[in-house]
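Chemist: I am attaching a structure below and will ask some questions about it afterwards.
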Amino acid sequence: MFNQWPALGDEEPPSNPKLDTSAGLFDQLSPHLTALTAEQLEAVRARIRQVVQYQAVVGVLGKTGAGKSSLCNALFGQETASVSDVEACTRHPQEITLSYQNGKGLSLLDVPGVGESTTRDADYTALYASLMKELDLILWVIKADDRALSVDEQVYRDIVQPYADQHQVPVIFVVNQVDKIEPSREWDWQRNLPGPHQAANIETKRASVSRQLGVSPSQVCAVSAEAGYQLMALIDTVISVLPAEKRWSIAREAREEHVSKKSRQAAEQGLWESIKSSLLGIVVREVAIPLANRAFSAFLNFFRR
């Protein structure tokens with residue numbers, strides 16, 4: 001049996017993943033992998049580099065005015081796309097790459113919304129279909145006070161869902177701008193929290209979106225990008241639905257204050273699982289297990305420096 005992950009709260013706070021490099025991690029582990037040949041060590045090095053520097057592609061979908069660009073800016077801490085309160089400012093797909101110190105960063109594919117006009121909708125439908133196979137994750141943004149979800153429902157069920165299922169792309173629906181849900185006067189801007197009646201109506205909205213789109217309530221998150229409300233919970237959800245080897249790229253690029261200890265640990269576990277898998281793929285299990293057990297403490301120490 002491979003090692004035991006520390007319980008949450010038992011470990012020191014992890015270091016900022018933006019500063020950690022694949023080379024540094026390999027150097028930390030290599031003294032414990034001396035039983036491997038040079039060729040096998042290089043295979044482990046390549047796998048670490050592949051996972052640590054993986055560039056996830058996130059499709060940000062939804063109707064114009066839902067706050068897609070504002071949400072991306074709030075989650076990832078950069079002006080990832082221009083923001084306009086008046087009209088659609090993302091007329092064509094924009095691929096914005098967030099670069100970090102020693103890797104490829106994260107690619108946000110900000111896609112035009114449907115529902116602007118009948119003429120455009122046909123083009124957008126074809127565009128959405130062509131993009132599905134490129135994506136690791138879909139964030140579908142819905143404006144909190146938008147009651148007309150028929151366009152979202154049609155595009156999701158007819159275009160997005162079949163391709164997402166085919167390519168195993170997780171879809172998370174993000175109800176944005178919940179601070180505007182009535183009674184909006186209840187919103188506490190000092191604590192960035194809804195009042196009691198507003199909170200109840202936010203939950204009602206989440207349930208309504210889940211029911212109308214035919215998805216699990218766990219796929220629907222309610223946030224306010226402007227207020228920074230529930231962005232950590234959104235990142236938690238994103239990390240939880242991604243395959244192990246892709247979690248790191250999101251935890252690495254999200255603003256640090258939005259990445260919980262649970263998500264950070266899940267991202268680390270995903271990275272470690274990928275390293276273990278690499279060991280099992282290049283040497284027999286009887287050799288791989290002792291090697292992994294010896295390297296595990298070094299792996300943890302690397303993230304507790």
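Chemist: Find which of Ala244, Ile282, Tyr229 sits farthest along the positive direction of the dipole of the range 224-290, computed with +1 on the beta-carbon of Lys and Arg, -1 on that of Asp and Glu, about the Cα centre.
Modeler: Ile282
Chemist: Give me the net charge of Trp189's neighbourhood, meaning all other residues with Cβ under 12 Å from the Cβ of Trp189; Lys, Arg count +1, Asp, Glu -1.
Modeler: -2
Chemist: Also, quick follow-up: Once label points are set 7 Å from the Cα along Cα→Cβ at both Asp145 and Glu203, what is their separation, rounded to one decimal in nm?
Modeler: 2.3 nm
Chemist: Between Ala35 and His167, how high is the FRET efficiency from 1/(1 + (r/R0)^6) when r is the Cβ-Cβ distance and R₀ = 45 Å? Nearest 0.05.
Modeler: 0.70
Chemist: For Lys261 paired with Leu193, estimate the spin-label separation in nm (one decimal), with each label point 7 Å from Cα along the Cα-to-Cβ line.
Modeler: With each label point 7 Å from Cα toward Cβ, the separation is 2.0 nm.
Chemist: Report the label-to-label distance for Glu153 and Glu134 in nanometres (one decimal), using points 7 Å from each Cα along the Cα→Cβ vector.
Modeler: Here the modelled spin labels are 3.0 nm apart.
Chemist: Taking the Cα centre as origin and putting +1 on Lys and Arg beta-carbons and -1 on Asp and Glu beta-carbons, what dipole magnitude results for the range 232-305, to the nearest 20 debye?
Modeler: For this selection, approximately 180 debye.
Chemist: I've got another one for you. Among the listed pairs Lys68/Lys133; Lys68/Lys205; Lys143/Lys262; Lys63/Lys276; Lys63/Lys246, which are separated by more than 30 Å between their Cα atoms?
Modeler: The pairs that break the limit, which is 30 Å between Cα atoms, are Lys63/Lys276.
Chemist: What are the extents of the Cα atoms of the range 147-223 along their three principal axes, listed from largest to smallest and rounded to whole Å?
Modeler: Sorted largest first, the three principal extents are 44, 22, 15 Å.
Chemist: What FRET efficiency comes out for the pair Arg211/Leu280, r = Cβ-Cβ distance, R0 = 51 Å, nearest 0.05?
Modeler: That pair, Arg211 with Leu280, gives E of 0.75.
The numbers here are math on the coordinates, done by the rules we state, and not lab data. Model, not experiment: these values are computed from the prediction. Every residue, glycine as well, gets a Cβ built from its backbone with ideal geometry; the counts of neighbours run over all protein chains shown.
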